[in-house]
Amino acid sequence: AQSVTQLGSHVSVSEGALVLLRCNYSSSVPPYLFWYVQYPNQGLQLLLKYTSAATLVKGINGFEAEFKKSETSFHLTKPSAHMSDAAEYFCAVSRAGTALIFGKGTTLSVSS
Amino acid sequence: GAVVSQHPSRVICKSGTSVKIECRSLDFQATTMFWYRQFPKQSLMLMATSNEGSKATYEQGVEKDKFLINHASLTLSTLTVTSAHPEDSSFYICSARDAMDRAKNIQYFGAGTRLSVL
């Protein structure tokens, strides 16, 4: 069975600081991994995805994530946080053709 | 990018009434759509997988007679909450998978529907 664990339900950073949101997965087969962002009362927007190509994946809004098979991790990073990055972030895993399994989410707060 | 339209964005109804939520893929065909439910400050829970032209597949614990799903075309799936009760109040989100990119399983999400049952 596949699962996703997001470490830290709430992360707070200062504007301009590094953003690091942690995600570990469990999968018996090579997974597809995703990061989504959700703003209040809105749906989910795809930030980036890993689908067995390059292990370092660049997404929108300056975010990137690195797939590390040895650590079963897919952490999301951004070098410099912006106020507009404050939102809920979800890591998700799937196999080809199956439904997404989401982590519990991490709330990112950015202070000025 | 791919766009999924979900309507209505918010609905308030009386207990016992039925509510229909539409999910449309605007610029791609979606043989598969997914319906999720999200409680406040929690993750998305998959309710059912909707396949065009066939019956939906419901997750364990989801009442199929309560949550009717119809996927009559390659661009439209509907979720009908029948005889709604206050405990059905929630945020419902749909997603659609591009039929041309099934292997990568990239899902595009609607903006969600906030259902409040009085």
Take segment A:66-112 and flag every residue that is more than 14 Å from chain B (Cβ to nearest Cβ), open to solvent by less than 20 Å² (accessible area, probe 1.4 Å) and in contact with a Cys (Cβ under 8 Å, 6 or more places away or on another chain). A:Ser73, A:Phe74, A:Leu76
Filter result for B:Thr49 (polar (S, T, N, Q), within 11 Å of chain A (Cβ to nearest Cβ) and without any contact (Cβ under 8 Å) to a residue 24 or more places away in the chain): yes
Segment A:18-46 residues that are away from chain B (no Cβ under 11 Å), paired with ones that are acidic (Asp, Glu) and not in a strand (DSSP E or B) (beta carbon under 8 Å, 6 or more apart): A:Val19/A:Asp85; A:Asn24/A:Glu71
Quickly run through segment A:25-42 and pick out the residues that are of a type outside the set (Phe, Trp, Tyr), under 15 Å from A:Leu100 (Cα atoms) and not in a loop (DSSP other than H, G, I, E, B). A:Ser26, A:Leu33, A:Val37
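The values are calculated or read from the model by the stated rules, or taken from the named source; none is laboratory data. Only a predicted model underlies this, so the values are computations on that prediction, with no experimental measurement involved. All Cβ positions, even for glycine, are placed from backbone atoms using ideal geometry, and neighbour counts span all protein chains on display. For the accessible areas, the whole protein counts, side chains as well, though only heavy atoms, and no ligand, DNA or RNA atoms are used. Shrake-Rupley method; radii C 1.70, N 1.55, O 1.52, S 1.80 Å.
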